[in-house]
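Data block below; observations after.
The values are calculated or read from the model by the stated rules, or taken from the named source; none is laboratory data. On a predicted model such as this, the values are computed, not experimentally measured, just so you know. Heads up, the Cβs are rebuilt from the backbone with ideal geometry, glycines too, and the neighbour counts pull from every protein chain shown.
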Amino acid sequence: MQIQTKKLNRVRLVNWMYFGYETFPFNQGSVLISGENAAGKSTVLDAIQMVLTGNSTKFNKAANENSDRDLKSYVRCKIDTTEKTYLREGNVISNIALEFYEEKENRWFVIGVHITSGNENESPTKRWYIENGKLEDFSFITPENKPSMYDEFRNREEKVRFIKSVNEYKENLRHRLGSLEEKFFEVLLKALAFRPVDNVKDFINKYVLTEKPIDVQSLRQSIDVLNEFEQTLKKAKQERDTLSEILERYSEIEENTHNQNVNDMLVKIVDKDVIEQSKNRGLSEIRINKQKLTNISSERTNIENQLRSIQIKLMQLKQTFENSDYRRLTEKLQASIDKLTDEMKKEETRNKQLSDYLRFLNNYLGLIVKLKDVPVSPDDVRNIGLNTDKNTKIETVEKLESFLRKEIEEIRMQKFAAGQEKEKISLQISQLESEINSLETQTIKYPDETVQLRDCIQKEFENAGIDSPVYIFSELLSITDKQWTNAIEGYLNTQRFYLIVEPEYYIQALQIYNANKKSYNQGIINFRKLPAEIEIEPNSLASYVETENRFARRYANYILGKVICCEKLEDLENYPSAITKECMVYKNYVSRKIDPKIYSKPYIGKDAIEVQLKNAKQQRKTLLEKLPALRSKIENLTEMDNAYIHVNFDMVKANLDAPNNLETINEQLSNEKKEFDKISKNQDIIELQNQISDYEKREHELTNKNNTLIGDERSLFNDIKDKEKLVTELEEQLENKITELTGYQDYKAAIYNEAFNKYLEAMKRESLEEIQINYSRQKSVYDNKANKLLNGEKNFIGLYQMQSNYNSTFTKDFYLGIEGFEQYKGRFDKLNNVEIVRTEETIRVSRETCEEIFKNEFLSKMKESIESAKYEFDNLKKALKDINYGEDTYKFILSPNNQKRNLYNMIMADDNLGTSNLFSGNFESQYKDEIDELFTKIKAGDSSDQAVREYTDYRTYLDYDIEITKKNGTVQKLSAKAKSNSGGESQVPFYVIMAASLNNIYQNKNSVRLLMLDEAFNNMDEQRIASVMKFFNQLQFQTILVAPSPKIQDIEENVDSVLTVMREDTISFVEDFRYYGE
């Protein structure tokens, strides 16, 4: 059935490219515009589409994909010659007008645009209009034969009423052309730009589904900010890692210095023992020489006895001359004298033993009497060694033995207790020195169990590829008002050592903790459940705590945010939970005072290091002050214990009667000798003379031998004196060494203990001399290592080079060498504890912002676009439902893209509602991988990147095809048909679909039914062109085609008129082809 429409009748161009003033007659029917290349036929369509769509920026590129046409080049006629760029110069006026005829109303109207280009540097000014009337009613040209200025432009002598904006023009135009949908402009432009394609998807994307680019600018900006912060964090971590390596080198140097000190201390200990060994060797040699001296003395005594015997014998022989009874009497007396002499010697030996043990006893009593009274007098003790009453002496000895046995037990107990106390203090000093060294490097020593668990979790995270820090709660905090330090430290107590991990890794951290069999009573804070927003009271403990970490802030608010700070005790009961500066806590209607031990060792903030360091040094000082008195006590008790070793009451008792016996024997011997002296003898001469001669000879030999022994004795005596002098010198050196080492035991206790234990281990394997040699050599090894660690060597970077590289890389001017430690450590702490923590927190916030934009804008808009595409396809299905192309019918098939099906499912999920709380926890957990993939793709490049365009274009998530149903019921998909058919045959369905899309828009019967195609029917033969044109005519389209001259013979029979565009030099004009042909 023929319908009444609004038909394009004529088009007038004024100063449009090479057209000066030209009118195109369309005669209200289908038209073919043809001509040679560059004649200007496509520029006619550009002019028509500009007026029909209001588009003046995207001109048709169907004829030339690389065309750079713009409005200025059309108005001024761009020619790009060497002489000039534009054909028209100065102020240029252009005008494009389209004349329509309304069949139903039997009236005419004109739509168009008046264009003014003031100069070559400015963009042209456009003024749109929609007026009743015909072209003849408008004053396009002034009487002076010039294009009318906008204020000269008339319609039947009345000024044309220009529409203020292009949007208002398009809105009025839609209604004037037949109440068309908004998408008329879009579809008309797509049809005009249509060119043959190879597959369905390309056709749909280009000509059916509108590109709806999602503005990812805000997301990109957020990502750029995030990337910038991540780069800052990366650089900060690189700097921190470099500093960590420098500090590690410091640690190596410190360890080597420590080893040097231990080695030097061990050498000093060895030197002391070598001196002591030399002294003992000297004493041993003295003892040996003295023994030799004793042996010589004994031998001399024997010789002298022999001489004496010989001399007696000589005397006897000589006396025999005088008295024959002399021999018998002298023998009797001599036997008695010899017996008494032997007894005398035994008693002298016993008496000497008694004297020696009494000397030991007196020495010990001299030490005891300094401590307490002794139950006997000095005279009583002295009488033990004299010829006094035996019973009295026995009684004295018994008293002393009973008293001293009791005393020595008490002394030994005191000595053991003092030794234990000294070891305990030395260990405490050693631990304090280690703690002081750590604190002096600005490092707080947290409880070992806490550090071990943190390091364990961090290591397992790294092994699992998780880049997430693990913090101790207190290391992230600082206190703004020092008056409340004790209260905060005390209130938090062990909570100071709880661990902080990011919420998403809490379960992993918990599993690691559970699997760790060495960690107990530690805490990991669960931020998955802890409220994100926690209100705190204005005057709470939380208000005095600062932190750069949001998780530390949340937990501090949770724990301290309701604990009110009170100046007075009586104010405590006014609050559910409160505390004073003096650490009196009120909670659950109970007041209690926090134990000062809890907060005496602070852990929060930089001040904590100073306080801990001050306390540790004071504790060390106090302990060091105890050592001298304790050592003196141990030395006194040891002296007394050693002295008691020589006290032997059994020997005293055994020789107690020696003084008494000695005096009795001495008296008897004196009497016998007196008797012997009275006797004289007379003997026969010759025999006695021979005997006397023999005895005299023997006397001479023994005398010579005795003289030799006297020389040996003198030599040994001198050697003993020299060695005693050497031993005295060694004892002095030993005393100095002992004094020196004793001081080290106090002030370098840790070094001394380590060196001494190492020495004990070495003694199990080596001799003293080997130890001295080996550890003296080891000094040069440590010296060389110290030089290597500082200055480096081949394939090893020393501290100086590491510091220099750091200063160069990170633009710093820190000191080189050991003295720069504080600068590097301070920078490391600032990075690790403040800047990195702050940047990580900023990144966390930025990432959440990106994710929110990504979720709430990107995904929801993507879903909206896909839903719109489905709606579009439903309309196309309706449009194609009652349209047959010959015997064929067409049907669209829409489905998710197989490669992006998971992403499609995520976008189209029911949870994706586009609300402010777009994603529930279930949604995020279900589509976590897909969200990460999309976010990563968008983050990887900018909007010009192919990957970004692919993932931000809703059409890439869809696959489409067209089912072609034959009359006999055979169904074939266009994608398969296009592969097997020739190029021309495969184009037909696309023209059908394009026409159906427009037909769907032209639902109002009283509307335009324009269809414009540029470079139409390429690669199609006459028969297919005829069938397509027949199809267009069945749909009652007013078709405007542009094709090159060779196509005229294939198309002319299927259009109402053919216009030929020609150009001569710089002028284009149009002729009716049939007229022109005749």
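Couple of notes before you dig in:
- So residue 376, is it buried (at least 16 other Cβ atoms within 10 Å of the Cβ), at pLDDT 85 or above and assigned to a loop (DSSP other than H, G, I, E, B): yes
- Residue within the stretch 482-492 that is on the phi < 0 side of the Ramachandran plot, assigned to a loop (DSSP other than H, G, I, E, B) and surrounded by 22 or more Cβ atoms within 10 Å (Cβ to Cβ) present: no
- When residues of the stretch 1-25 are limited to those that are of a type in the set (A, V, I, L, M) and outside any loop (DSSP other than H, G, I, E, B), the one surrounded by the fewest Cβ atoms within 10 Å (Cβ to Cβ): 14
Yes or no, residue by residue, for (1) more than 30 Å from residue 730 (Cα to Cα); (2) at pLDDT below 85:
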| site | (1), (2) |
| --- | --- |
| 267 | no, no |
| 272 | no, no |
| 283 | no, no |
| 286 | no, no |
| 292 | no, yes |
| 302 | yes, yes |
| 306 | yes, yes |
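- With respect to being free of Cβ contacts under 8 Å to residues at least 60 places away in the same chain and over 21 Å from residue 644 (Cβ atoms), residue 423 fits the description.
- A search for C-beta distances below 9 Å between a residue of the stretch 989-1018 that is under 29 Å from residue 104 (Cα atoms) and any residue that is of a type in the set (Lys, Arg) and part of a loop (DSSP other than H, G, I, E, B), counting only pairs 6+ apart in sequence or on different chains, returns 998/1009; 999/1009; 1002/1009; 1005/104; 1006/104.
- For the stretch 466-479, the criterion of a residue being at positive phi and in a helix (DSSP H, G or I) is satisfied by no position.
- Residue match in the stretch 53-65 (condition: acidic (Asp, Glu) and modelled with pLDDT of 85 or more): no
- Qualifying residue in the stretch 794-813 (condition: within 30 Å of residue 238 (Cα to Cα), surrounded by fewer than 17 Cβ atoms within 10 Å (Cβ to Cβ), touching a residue at least 60 places away in the same chain (Cβ under 8 Å) and in contact with an Asp or Glu (Cβ under 9 Å, 6 or more places away or on another chain)): yes
- For the stretch 820-842, a residue qualifies if it is within 18 Å of residue 503 (Cα to Cα) and either surrounded by 17 or more Cβ atoms within 10 Å (Cβ to Cβ) or more than 14 Å from the chain's Cα centre (by Cα) (or both), and the qualifying residues are 837, 839, 840, 841, 842.
- Residues in the stretch 619-677 that are more than 27 Å from residue 741 (Cα to Cα), touching a residue at least 40 places away in the same chain (Cβ under 8 Å), part of a helix (DSSP H, G or I) and of a type in the set (Val, Ile, Thr): 652, 665.
- Residue ranges of strands (runs of 3 or more DSSP E) in the stretch 46-154 with at least 2 members farther than 21 Å from residue 170 by Cβ: 92-102, 107-117
- Out of 454, 412, 382, one residue alone is basic (Lys, Arg) and within 29 Å of the chain's Cα centre (by Cα). It is 454.
- Candidates 339, 313 - the one that is at pLDDT below 85 and either of a type in the set (Ser, Thr, Tyr) or over 30 Å from residue 719 (Cα atoms) (or both): 313
- Top-ranked residue of the stretch 960-1010 - restricted to ones that are among the aromatic types (Phe, Trp, Tyr) and either assigned by TED's automatic domain parsing to the domain that holds residue 194 or in contact with a Gly (Cβ under 6 Å, 6 or more places away or on another chain) (or both), ranked as modelled with the lowest pLDDT: 990
- Consider the stretch 1014-1051 and keep the residues that are assigned to a loop (DSSP other than H, G, I, E, B) and surrounded by fewer than 16 Cβ atoms within 10 Å (Cβ to Cβ). The one that is modelled with the highest pLDDT is 1036.
- One residue alone among 949, 955 is crowded, with 17+ Cβ neighbours inside 10 Å, of a type outside the set (Phe, Trp, Tyr) and either in contact with a helix residue (DSSP H, G or I) (Cβ under 6 Å, 6 or more places away or on another chain) or at pLDDT 65 or above (or both), and that residue is 955.
- Among the candidates 929, 942, residue that is surrounded by fewer than 17 Cβ atoms within 10 Å (Cβ to Cβ) and at pLDDT below 70: 942
- When we screen 807, 795 for residues that are out of contact with any strand residue (DSSP E or B) (no Cβ under 9 Å at 6 or more places or on another chain), on the phi > 0 side of the Ramachandran plot, in the same structural domain as residue 241 (by TED's automatic domain parsing) and not small (Gly, Ala, Ser), the only hit is 795.
- Residue list for the stretch 825-865, filter: of a type in the set (A, V, I, L, M, F, W, C) and either without any contact (Cβ under 8 Å) to a residue 12 or more places away in the chain or over 16 Å from residue 215 (Cα atoms) (or both): 828, 831, 834, 836, 837, 843, 845
- Evaluation of residue 341 against (1) among the β-branched types (Val, Ile, Thr); (2) in contact with a Leu (Cβ under 8 Å, 6 or more places away or on another chain); (3) assigned by TED's automatic domain parsing to the domain that holds residue 664 (one fails), failing number: (3)
- Looking only at the stretch 741-763, and only at residues there that are of a type in the set (Gly, Ala, Ser) and surrounded by fewer than 18 Cβ atoms within 10 Å (Cβ to Cβ), the one that is farthest from residue 436 (Cα to Cα): 762
- Selection count where residues are exposed (fewer than 15 other Cβ atoms within 10 Å of the Cβ) and not basic (Lys, Arg), scope the stretch 453-468: 6
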